[in-house]
Amino acid sequence: MMDSTVHRSREVNGDTLARIAQKRRKGPPPKRGYPWGKVSHYVYCALSYIFLLSPMIVVIGASFHGGEYYTAIKFPPEDPSLQWYTKIPTAQFKALALSFGLATLAALGACIIGIPAALGIVRGKLPGRSVISSVFRAPLQIPAIVTGIAFLQLYYLFGDATGLYFQGTFIGLYIGHLFVATPYVVGTVTAILQRFDVRLEEAAFSLGANRWRTFRRVTLPVIMPGVYAGALYSFMVSFADVPISIFLTAPGFVTYPVELFYGMENDFDPSILASSSLVIFFCLLVLLGMQKLVGLDNLLRSGSR
Amino acid sequence: MKTRWEYVLLPSFLIVGLLIVASQYVFLKGSFFKDLGLGRISDTASMVNYLRFFTDSFYLHTLWVTVKTSGLAALFTLTLGFPVAYLIARMQSKWSMILLAGIVVATFVTIVIKVFGLIIIFSADGLVNQALMGLGIVDTPYTIIGNQTGVVVGLMHFTLGFGVLLLYSVIQTIPRSLEDAAQIHGASRWRMHLRVLFPLSLPGVTVGVLMIFNMCMGAFTSAALLGGGRVFTLPVLIQRTVMMEIKYSMAGTLAAVLLVTVLLINLLSIYLIRRLRSARLVIA
């Protein structure tokens, strides 16, 4: 990987290199044809965006449709109303609450496990550093559905041995989510730590701060963007998960995506549209908060693995 | 200041390591025992489940469909995603924030909601069919439910946002000054892309595409909902084997085959890319 500070030096006295090159040429700038390459690039990207965003826009749009039950799904919506928003059954709210609590705790747990792991990977004198860091990355390499069934069988075996059955309980679900959430925090914090200037800590230490104070006042603030990024990723991964949760939930105890999944397979209730729209708005809101807190580009830069 | 950071790592390593070893060991071991029905398994280990997998054309076909749809989805995600990632990474206006926000929202909203939207778009009187039939391209409504096209489209929606974010971070590590230098020295836009951007981004792009491929191989939701009970991929089959047939060992076998296939394809691709690079075919 190249040093990320290199490409910030491309501006010299406010001039881009391309402009400098142009100034040095004698005479007027060379004539160029219509930039078809650029235009086709923009058009292509616009089509990608339409492809990517259309399902969500359609869901939000259709949620405002005011028709009767069996003609209730229509886009563009006619006779706009909020009727489906008032008809969201409590089961969906219960599922949403479970998903939210689970994702929050998963993000928290991922930080508690992930931050020390990243510190150890970058700074520890480790034999086989690459092996250890690939162990922490492994949960991302294991197909999600395999993780789901693996934990289900682990819980059965553990239950048979101890009488303590974890499947269909919050703890069981939580361990599964924590397993896939942790690698994100490890990844983002590792990325930031690798660029960390150790002299900052040495300065704090030589000025009389103890280890804990140095960590609290110097190290932590610097790695915070990575922590936020990792926490956001792990929250969202947990909040959106189906393949792991579907094995570890039980009737009456389901996360929101699983509730939706069963809803779409069985009895199709248009109120799903309304609650889905609420979730999309919620994701937008979380994002806005993150943009205010650390800035989206900082968030993603530290997310580069 | 001497902090022994390796000890700081130890508790986390034990937790993660224990969870990996325990969970993988249990289902891999279970896959060697025969199902006796109703969730009970036999006492003696045998290869019977694996024999069944590799002699039954249905299972082999399922494996092929899984690899094919995942591979196609990963390639399409790359072709749709790379230009977008490049656009955002090289953009210098406020707009890049808004474009990024669109990608991030698309990444984080659960795939179930997106599949829901897809079903509405492609329904018999949905937008796509209204357009297609209005233009006289098709007579009968076109559907993506229950065929492999639908599964690939669903997988793409599962991975595209994440793919753009991955590629974005890859492109950001390539100094823009190199592109400027190529163009100042007279390289055309295409030539610059081919000779500078492509070789420099190749290692990162390979890793990114493999990650997307892995995500698709483990993806269950889009294949289950858009496959409509007609297209089976291994993840769908694993869930059915557990939930409907209650055959844990066979499901374990399917999961083991899936896991090994993913690992093999990853190793093979990395090996091929290394060979390619050492043969100087790529970095000219």
- Item | Subset of the stretch A:264-280 that is assigned to a helix (DSSP H, G or I) and open to solvent by 10 Å² or more (accessible area, probe 1.4 Å) - its residue that is nearest to B:Gly102 (Cα to Cα) | A:Leu278
- Message: Criterion first (modelled with pLDDT of 85 or more and more than 10 Å from chain A (Cβ to nearest Cβ)) does B:Asn129 satisfy it?
- Response: no
- Query: Taking the stretch B:84-118 only, how many residues are within 30 Å of A:Phe268 (Cα to Cα) and more than 8 Å from chain A (Cβ to nearest Cβ)?
  - Reply: 0
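Run down A:Asp197, A:Asp241, A:Asp269 and say which single residue is at the interface with chain B (Cβ under 9 Å from one of its Cβ atoms) and either on the phi < 0 side of the Ramachandran plot or of a type outside the set (Phe, Trp, Tyr) (or both). Walk me through how you get there before you give the answer.
Details: A:Asp197 fails: at the interface with chain B (Cβ under 9 Å from one of its Cβ atoms); A:Asp269 fails: at the interface with chain B (Cβ under 9 Å from one of its Cβ atoms).
From the options A:Asp197, A:Asp241, A:Asp269, the qualifying one is A:Asp241.
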- Item | Tally of residues being acidic (Asp, Glu) and modelled with pLDDT of 80 or more across the stretch A:54-76 | 0
- Residue in the stretch A:37-68 that is nearest to A:Leu273 (Cα to Cα), counting only those that are in a loop (DSSP other than H, G, I, E, B) and of a type outside the set (D, E, K, R): A:Ser63
- Note on the structure: Restricting the stretch A:139-168 to residues that are touching a residue at least 40 places away in the same chain (Cβ under 8 Å) and β-branched (Val, Ile, Thr), the one farthest from the other protein chains (Cβ to nearest Cβ) turns out to be A:Thr147
- Residues that are facing chain B (nearest Cβ under 7 Å) and either among the aliphatic types (A, V, I, L, M) or open to solvent by less than 30 Å² (accessible area, probe 1.4 Å) (or both), drawn from the stretch A:117-138: A:Ala117, A:Leu119, A:Gly120, A:Ile121, A:Gly124, A:Leu126, A:Ile132, A:Val135, A:Phe136, A:Ala138
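What about B:Glu245, is it facing chain A (nearest Cβ under 10 Å) and charged (D, E, K, R)?
Judged against the criteria, B:Glu245 is not a match.
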- Query: Looking at (1) within 9 Å of chain B (Cβ to nearest Cβ); (2) open to solvent by 70 Å² or more (accessible area, probe 1.4 Å); (3) among the aromatic types (Phe, Trp, Tyr), which is the one condition that is false for A:Phe235?
  - Reply: (2)
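If you check B:Ile119 against the conditions, is it open to solvent by 20 Å² or more (accessible area, probe 1.4 Å) and either touching a residue at least 40 places away in the same chain (Cβ under 8 Å) or assigned to a loop (DSSP other than H, G, I, E, B) (or both)?
Yes, satisfied.
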- Would you tally the residues in the stretch A:215-226 being in contact with a helix residue (DSSP H, G or I) (Cβ under 6 Å, 6 or more places away or on another chain) and either among the aliphatic types (A, V, I, L, M) or under 18 Å from A:Ala97 (Cβ atoms) (or both)? 2
- Considering residues that are loosely packed, with under 14 Cβ neighbours inside 10 Å, farther than 20 Å from A:Tyr156 by Cβ, at the interface with another protein chain (Cβ under 9 Å from one of its Cβ atoms) and not basic (Lys, Arg), the number found within the stretch B:4-48 is 1
- Item | Checking A:Ala97 against (1) modelled with pLDDT of 90 or more; (2) open to solvent by less than 30 Å² (accessible area, probe 1.4 Å); (3) of a type in the set (Gly, Ala, Ser); (4) farther than 30 Å from A:Arg216 by Cβ, the condition it does not meet | (2)
- Message: Considering only the stretch A:140-150, I want to know if a residue exists there that is surrounded by fewer than 22 Cβ atoms within 10 Å (Cβ to Cβ) and either aromatic (Phe, Trp, Tyr) or over 30 Å from B:Thr173 (Cβ atoms) (or both).
- Response: no
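Here are A:Asp79, A:Asp15: which of them is within 30 Å of B:Gly186 (Cα to Cα), more than 10 Å from chain B (Cβ to nearest Cβ) and at pLDDT below 75?
A:Asp15
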- Considering only helices (runs of 4 or more DSSP H) fully contained in the stretch B:170-260, which possess at least 3 residues that are of a type in the set (D, E, K, R)? B:176-184
- Return the total of residues in the stretch B:71-111 being surrounded by fewer than 16 Cβ atoms within 10 Å (Cβ to Cβ) and within 23 Å of A:Phe235 (Cβ to Cβ). 2
- Would you mind stating whether A:Ala181 is in contact (Cβ under 8 Å) with a residue 12 or more places away in the chain and not β-branched (Val, Ile, Thr)? yes
- If you check every pair at least six apart or on different chains, which have Cβ atoms under 8 Å apart with a residue in the stretch B:176-202 that is within 9 Å of chain A (Cβ to nearest Cβ) first and a residue that is of a type in the set (D, E, K, R) and assigned to a helix (DSSP H, G or I) second? B:Arg176/A:Arg10; B:Arg176/B:Arg90; B:Ser177/A:Arg10; B:Asp180/A:Arg10; B:Gln183/B:Arg189
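Starting from residues that are surrounded by fewer than 17 Cβ atoms within 10 Å (Cβ to Cβ) and touching a residue at least 12 places away in the same chain (Cβ under 8 Å), keep the ones in the stretch A:79-92 and report whichever is farthest from A:Ala62 (Cα to Cα).
Of the stretch A:79-92, the ones surrounded by fewer than 17 Cβ atoms within 10 Å (Cβ to Cβ) are A:79-82, A:85-87, A:89-91.
Next cut, touching a residue at least 12 places away in the same chain (Cβ under 8 Å) only: A:79-82, A:85, A:87, A:89, A:91.
Numbers: A:Asp79: 11, A:Pro80: 9, A:Ser81: 10, A:Leu82: 11, A:Tyr85: 12, A:Lys87: 15, A:Pro89: 18, A:Ala91: 21 Å.
Of everything passing the filter in the stretch A:79-92, A:Ala91 is farthest from A:Ala62 (Cα to Cα).
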- Query: Could you list, in sequence order, the residues of the stretch B:140-156 that are open to solvent by 20 Å² or more (accessible area, probe 1.4 Å) and either in contact with a helix residue (DSSP H, G or I) (Cβ under 7 Å, 6 or more places away or on another chain) or within 19 Å of B:Thr221 (Cβ to Cβ) (or both)?
  - Reply: B:Pro141, B:Tyr142, B:Thr143, B:Ile145, B:Asn147, B:Gln148, B:Thr149, B:Val153
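The values are calculated or read from the model by the stated rules, or taken from the named source; none is laboratory data. Here the structure is a predicted model, which is why all the values come from computation and not from measurement. Heads up, the Cβs are rebuilt from the backbone with ideal geometry, glycines too, and the neighbour counts pull from every protein chain shown. Note: accessible area is taken over every heavy atom of the protein model, side chains too, but ligands, DNA and RNA are not part of it. Shrake-Rupley method; radii C 1.70, N 1.55, O 1.52, S 1.80 Å.
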